[in-house]
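A short worksheet on the structure shown next.
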Amino acid sequence: MLLREVEYVKPSSLADALAALAANDGARALAGGQTLINVMKARAASPDVLVDLNGLDELKGIELAADGTLSIGPMTTYAELVGSAEARARPILGEVCAQIADVQVRNRGTIGGNLCSNDPTNHLPPLMAAVGAELTIAGEDGERTVPASAFFLGVYMTAVQQGELLTRITVPAGKRDGFAAVTLGVDGTCIANAAASLDGSLRIALGCVDAVPVLVEAGSPDDVRAAVRAAKLDPPSDVHASGAYRAHLAEVLAERAARQAMR
Amino acid sequence: MEVTVTVNGTAYERDVEPRKLLIHFLRDDLDLTGSHIGCDTGNCGACSIIVDGVLVKSCMLLAVQADGSEIETVEGLADGDRLTELQQAFSDHHALQCGYCTPGMLMSATALLRANASPSDEEIKKALQGNICRCTGYWNIFEAVKSVAR
Ligand SMILES: Cc1cc2nc3c(=O)[nH]c(=O)nc-3n(C[C@H](O)[C@H](O)[C@H](O)COP(=O)(O)OP(=O)(O)OC[C@H]3O[C@@H](n4cnc5c(N)ncnc54)[C@H](O)[C@@H]3O)c2cc1C
Ligand code: FES
Ligand code: FES
């Protein structure tokens, strides 16, 4: 497919990238391209300028602090996270990244791109909401850090505004996590998914059932299904599942994820 | 924009529009038509190539993004008429019918065997997950790859 005409820049510093994004309302960040290139083929978006983040070493890599906090650069690919010794401090992250699509997509797709595209069927928005990740957003005027609950705003919409970039994903220490999904084929697109994390009580984030991950708290796995029912989900229907079936899956998957977290 | 790449050991320099996908650059500008376009949505893997040692789908990258890189495509596998062990195994095991998916399958399996010379059955299947074949039912492809695993 021939894309619409577009300019391309590949800055070598974060400051240059932010300047390029701020200089043009039609500028868009290009991370792994595993969503954006398809969006451009479909003409669902036609940016004037692509600002390729692949030259920014500042946005790559994973650091593990002494207290177990993980600091993940948004340009880290799924494959890099899966292979990272540091990331094993929170094993669920690698476990879930290894389930996304296929080798080729995992070799290019990035943690930051997955969160910023905020497709309701993506794997990482609910996961990051459940583990209590914090997201750092930078613009030319400085940076701010928001919790996952304030990051995901709507379908394909996040707290990252035009001219800004997600620059860091901070995941607190923890090991008692779970993730469960019903997918279209092994490692395929999620029909419904749920991530759970034990942090005092169980924090569960449900994906595919609303525009943003739905957060539910429960005291124990036995209470999870009632807690999901109390959230009064009204999921969308499509060719893969009716809304009612998705709501049912959300309950089942939330309990599975919770039981994995309690193991 | 000027793009300089090495493909299968040969250096190329071309003036490329940023909107051109890497697969079109290979096929149309460099006349390397071994890599195929099946879906153009990142789903089928027929366009799989290796860029700087990393397996990617070349319909999901811009040609300008490959500037400065070393690219390997299916044309680079055989040495003249001498097939690689993997290519010969595809032939021996009838791992292709129409052959449309084969360039991508070969690149995915090549990337696997380079990283892991003795993959398990599970690892072979997982490595080929991004490649769709509409003819063979996959079994012979799996057998071919397994036959060259150590
Ligand atoms: C065949 C196929 C199957 C897939 N299956 C799944 C699946 O099952 N589950 C799943 O979760 N995903 C799936 N994906 C999507 C894939 O995971 C994408 O990689 C991901 O959604 C986007 O990441 P990216 O790095 O490719 O981002 P891009 O496509 O480059 O960017 C996506 C969006 O995020 C913005 N962006 C990227 N990085 C930043 C940043 N640091 N700051 C601000 N904005 C930014 C871009 O401007 C763009 O709007 C699939 C993709 C393909 C092609
Ligand atoms: S043509 Fe690239 S994945 Fe199908
Ligand atoms: S041999 Fe025909 S698609 Fe695979």
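What follows draws every value from the coordinates through simple rules; no lab data is involved. Just so it is clear, the structure is predicted and the values come from calculations on it, not from any experiment. Note: ideal-geometry Cβ built from the backbone for every residue, glycine included; neighbour counts use all protein chains shown.
What to note about this one:
- Choice from A:D52, A:D177, A:D141 showing the highest fluctuation, given a GNM over chain A with Cα pairs closer than 10 Å: A:D141
- Summing charges over all other residues whose Cβ lies under 10 Å from the Cβ of A:G32, with Lys and Arg as +1 and Asp and Glu as -1, gives +2.
- Shape category assigned to the stretch A:111-263 from the gyration tensor of Cα positions, a/c cut at 1.5: oblate
- Cross-link reach list, lysines versus B:K20, counting only Cα pairs under 28 Å and skipping chain neighbours closer than eight places: A:K10, A:K41, A:K60, B:K57
- Note on chain B: Rg/Rh from Cα positions, Kirkwood definition for Rh, rounded to two decimals, is 0.97.
- FRET efficiency for A:D57 and B:A117, using Cβ-Cβ distance with R0 set to 25 Å, rounded to 0.05: 0.20
- Rg over Rh for the stretch B:2-75 works out to 0.91, using Cα positions for both radii and the Kirkwood form for Rh.
- Added length on full extension, which subtracts the Cα-Cα distance from 0.36 nm per residue, A:D119 to A:E143: 6.2 nm
- Remark: spin-label model distance A:T136-A:D199 equals 1.8 nm, labels positioned 7 Å along the Cα→Cβ axis.
- Cut-off under 5 Å, modelled amide H: who pairs with B:L21 long-range: A:L3, B:A63
- Cα-based helix-to-principal-axis angle, B:102-115 vs chain B, degrees rounded to 10: 80 degrees
- Note on chain A: GNM, Cα springs under 10 Å; of A:Q104, A:Q162, A:Q34, the largest mean-square fluctuation is that of A:Q104.
- Using C-alpha pairs under 8 Å with a sequence gap of at least 6, the mean separation divided by the residue count of chain B gives a relative contact order of 25 percent.
- Among A:R43, A:R225, A:R203, residue whose mean-square fluctuation peaks in a GNM of chain A (springs only between Cα atoms under 10 Å): A:R43
- FRET efficiency for B:D28 and A:S220, using Cβ-Cβ distance with R0 set to 56 Å, rounded to 0.05: 0.40
- Take each residue of peptide B:57-67, count the partner chain Cβ atoms within 10 Å of its Cβ, and average: the result is 5.
- Distance between the modelled labels on A:D238 and B:Y12, one decimal in nanometres: 3.5 nm (7 Å Cα→Cβ projection).
- For chain B, the longest principal axis of the alpha carbon atoms and the long axis of helix B:139-148 meet at an angle near 90°.
- For the stretch A:150-238, the square roots of the Cα gyration tensor eigenvalues, ordered a ≥ b ≥ c, give a/c of at least 1.5 with a/b no greater than b/c, which places it in the oblate category.
- Gained length - A:Y156 relative to A:A211, 0.36 nm times residue gap less alpha-carbon distance: 19.0 nm
- Rounded if a/c under 1.5, otherwise prolate or oblate - the protein assembly as shown, Cα gyration tensor axes: oblate
- Whole-Hz Karplus values for the stretch A:123-140 come out as 6, 7, x, x, 4, 5, 5, 5, 7, x, 5, 10, 10, 9, 10, 10, x, 5 Hz, taken residue by residue from phi with 6.51 cos²θ - 1.76 cosθ + 1.60 and θ = phi - 60°; glycine and proline positions read x.
- Extension gain (nm, one decimal) between A:E86 and A:L184, 0.36 nm per residue minus Cα-Cα: 32.2 nm
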